[in-house]
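Beneath this line is the structure, given in structure tokens, with notes to follow.
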Amino acid sequence: MRALLRIGLGTLIAAALITAGSVVAQTPPDKTAAKAAAAQNVAVTDPSYKIGPQDVLRIDVWKEAEISRSVPVRPDGKISLPLLNDVQAAGLTAMELANTITEGLKKYINNPQVTVSISEINSRRVYVTGEVTRPGAFPLLPNMTVLQAVTSAGGFTQFARTKNIYVLRTETGKQVKYPFNYNDVVKGNHQEQNIPLQSGDTIVVP
């Protein structure tokens, strides 16, 4: 009887492990999310990265805990700090911003030592709208193209007019429209339409 019970328990455990393994195997890693995280890490460690609105910064002033803090960059491109009030951050690198803060604090602190790091990058995004599976905002990966962005959005719905896709971009205050014929591009034709994207671009899939 005990032998039968052992065999039965062994069979149940084996079946459970096989089932669990099959569930795990059916859940592939989110490659898009992984690429986005990797791109963000590259930008955070890139000394030439320009801070943008909605990025989150960490400001550390040595021996000044009351001033050191994490701050979001406001839509107007500025951050708020004690003593200095509003400081322009957007368009500067972390080093340039640290120098700006250092100069401002010299009026109040003897020999301030300031470090600026970028905790979160939320300003570099592209948008995909229309007949795609997952419309919305997506992190702008390095050298990202229209085709890659459409893939990030999960591909097209059955109603998509893939020959009439276009990219909307603001240049010198005006909105410019760039055509993108998906059918041609995937066949290797009109590769010039598969342009590298810029932050703020919107891909429209009619």
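The values are calculated or read from the model by the stated rules, or taken from the named source; none is laboratory data. These numbers come from a predicted model, not from an experiment. Cβ coordinates were reconstructed from backbone atoms using ideal geometry, including for glycine residues, and neighbour counts include every protein chain displayed. To get the accessible areas, we keep the full protein, side chains included, count just its heavy atoms, and leave off ligands, DNA and RNA. Shrake-Rupley method; radii C 1.70, N 1.55, O 1.52, S 1.80 Å.
Just reorder E120, E64 by solvent-accessible area, largest first, 1.4 Å probe, all chains present.
E120, E64
Can you give me the Cα centroid spacing of the stretch 158-206 and the stretch 53-75 in angstrom?
If you average the Cα positions of each part, the centres end up 37 Å apart.
How many percent of the alpha carbon pairs in the stretch 107-170 exceed a separation of 16 Å?
Details: 1164 of 2016 pairs.
Tail of the P(r) past 16 Å holds 58 percent of the pairs.
In the structure shown, do any of K78/K163; K50/K106; K50/K174 have a Cα-Cα gap over 31 Å, and if so which?
On the way: K78/K163 41 Å; K50/K106 24 Å; K50/K174 23 Å.
Going by Cα-Cα distance, K78/K163 fall outside the 31 Å limit.
Hey, can you rank 70-81, 143-154 by average C-beta count inside 10 Å, highest first?
Highest-to-lowest ranking by the protection proxy: 143-154, 70-81.
Quick one: which of 165-171, 82-88 comes out on top by average Cβ neighbours within 10 Å, and what's the full order, highest first? Can you show the working numbers first?
Details: 165-171: 17.0, 82-88: 13.9.
Ranked from most to least packed, the peptides come out as 165-171, 82-88.
Leaving out ligands, DNA and RNA but keeping every protein chain, what accessible area does Y127 have, in Å² rounded to the nearest 10, with a 1.4 Å probe?
Its accessible surface works out to 100 Å², give or take rounding.
Would you work out the relative contact order for the stretch 96-206, in percent, from Cα pairs under 8 angstrom that are 6 or more residues apart?
29
Report F156's accessible area, 1.4 Å probe, all protein chains in place, as a number in Å² to the nearest 10.
Here the residue's solvent-accessible area equals roughly 50 Å².
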